[in-house]
Amino acid sequence: MMQRNMISMPGRRFFLLGCAGLAGAMLRPPLAHADQAGDASQFIRQAGDQLLAVVNGPGSTAQQRPAMARIIDNVVDVNGVAKFCLGRFWRMATPAQQQQYVQLFHQVLVTSITGRIGEYRGVQFKILRAVPRADGTVVETELDRPNNPPTKVQWVVQKVNGSLRIVDVIAEGTSLRLTQRSDYASYLTRNQDSIPALIAAMQHQIQQNAG
Amino acid sequence: MPDAFRPTLLAALTLIGLLAGCAQKPPASDPAALAEYNDTNDPLEPTNRVFYAINNGLDTVILRPAAEAYRFAVPAPVRNSIHNILANAGTPVQLSNDMLEGKPRRAGDTTMRFLINSSVGLLGAFDVASKWGYPDHDADFGITLALWGVPQGPFLFLPLLGPSDPRDAIGFGVDNVMDPFTWLGQGAAVTAINWSRFGLNAIDQRERVLNAVDEIKKTALDPYATFRSLYRQHRQSQIETVRNDRRATIPIWFPQAVAAQQKQQQSQ
């Protein structure tokens, strides 16, 4: 109230102009963000529909595996996530070890996702909203599984080499890649920082969970 | 718990703690490792791992089979009703914490949930309130302390209770003191009620995470570290959810709210 009385007529005009300018300045980034958010939502919708078509489709889990691997390659930034999960140990690995690790990581990812297809039969999802962040866009979805309470899952989407890719999945507040990174970091710390030991453990794990 | 048993258990646990000792801190010459050590904030890791192993053993032989039997014997709708009744019985603690957090709208939600579910929901068996726009939410004294600015402290893996930290351990104790069931009085019936509630709660909670825990143990290279990370992230997200709940105190349908909003817009 005080402020309004203090501004005289010409002053008020400038004040209003200033406000309009400010509003214009504030409007522009949200518009760009709206585009970015819309693209990310669209991307997650398509990726989700593809995954659902496989999950709810015919065939045994073993038969679904190749289709699943193909979709994961197309929608997830597997290399980037793999590198993130190795954290400070990435630089300690030789190029050959890095390559072997990324390959194994890819298999672990596909195995762990296909291993859970059974749990997700009949799943439905809806997109709640998309929030732009400094490092990409977070798309919030709600998964509804039969006989389960609905769960909130957030997908972090980034532009990688010009196309949108999923870089993280946050379920009930827990980030998949952060959790995976702390798992690997702890394993390495307890095994004298030995990358070959990690690679051996990953191979062992893939063999165990393959059946 | 029999009185004679308690000191013995405590002594045994302390002994294990002393034997296990502290984690080796990396030297300053390795800054990346040191940063990771500080981030992990688990100086008691060797002791924690001992308790993790003990808990894991107890879980494998007692709690997990009990939860599996429960899932096998009791149909899902009945399990859901039992869960709802247990949640409803936790209302006093939840409501106290909503208020201590300074979140009146949450306290209102909890009150409405209690009134609706205790009556229309048949003593809490059916969660009608969620369908009527009063969803359940988390509230415990650990979260309250976090909102009051109390730091989390180092990671702790507690016997029987599992992953925790000093803040949540204190929170657990205070929640128990706040719980009217603790003060019901003495006698065989009261003891029986309290222990059944405790046991049923444990089995109910365990049953709800059967698949998730199995999956983590199967896929993690170091399940202890994975549970540590998940616990911390989950608590952090619970705390942030409460912190970011900034709904106005006056409900939007109340005439005063509209007037207040107009007044606010005018003053800007």
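The values are calculated or read from the model by the stated rules, or taken from the named source; none is laboratory data. For clarity, every value in this text was computed on a predicted model and none was experimentally measured. Ideal geometry is used to build each Cβ from the backbone, glycine not excepted, and the neighbour counts take in all protein chains shown. Quick note on the areas: whole protein, heavy atoms, side chains included, nothing else; ligands and nucleic acids left out. Shrake-Rupley method; radii C 1.70, N 1.55, O 1.52, S 1.80 Å.
Heavy-atom accessible area with a 1.4 Å probe sorts B:R247, B:R167, A:R165, largest first, into B:R247, A:R165, B:R167.
The listed residues B:S96, A:S175, once ranked by accessible area (1.4 Å probe) with the largest placed first, stand as B:S96, A:S175. What stretch of chain B, leaving out the sites themselves, is the longest with no chymotrypsin sites (Phe, Trp or Tyr not before Pro) in a DSSP loop having at most 16 other Cβ atoms within 10 Å? It works out to B:1-131.
The reciprocal of the average 1/r between distinct C-alpha atoms defines the Kirkwood hydrodynamic radius, which for segment B:5-242 equals 20.0 Å. Using θ = phi - 60° in the Karplus curve 6.51 cos²θ - 1.76 cosθ + 1.60, the 3J(HN,Hα) couplings for segment A:88-95 round to 5, 7, 4, 6, 7, 7, 6, x Hz; x is entered for Gly and Pro. Segment B:T60..B:N38, full-extension length gain: 4.7 nm, with 0.36 nm per residue of separation and the alpha-carbon distance subtracted.
Of the residues B:H234, A:H204, the one with the largest accessible area comes first in the ranking A:H204, B:H234, computed with a 1.4 Å probe on protein heavy atoms. Only DSSP H runs of four or more residues enter the estimate; each adds -39500 (n - 2.57), and after division by the residues of chain B the mean residue ellipticity at 222 nm equals -21000 deg cm²/dmol. Once the Cα atoms are used to define both axes, helix B:223-243 deviates from the longest principal axis of chain B by about 20 degrees.
Between A:R190 and B:K131, take the C-beta separation as r, use R0 = 41 Å, and let me know the FRET efficiency to the nearest 0.05. About 0.30, to the nearest 0.05. For the residue pairs A:K83/B:K25; B:K25/B:K218; B:K103/B:K131; A:K159/B:K25, alpha carbon separations beyond 32 Å are given by A:K159/B:K25. Counting Lys and Arg as +1 and Asp and Glu as -1 over every other residue whose Cβ lies under 12 Å from the Cβ of A:Q154, the net charge comes to -1. Annotation: average projected area of segment A:18-210 is 13.7 square nanometres, based on the convex hull of Cα atoms across all directions. Modelled spin labels at A:R91 and A:V131, positioned 7 Å past Cα toward Cβ, are 3.2 nm from each other.
Residue by residue along B:213-219, Cβ atoms of other protein chains within 10 Å of the local Cβ number 3 on average. Nothing charged except the Cβ atoms of Lys and Arg (+1) and of Asp and Glu (-1): what's the magnitude of the dipole of chain B about its Cα centre? Round to the nearest 20 debye. Here chain B has a charge dipole of around 540 debye.
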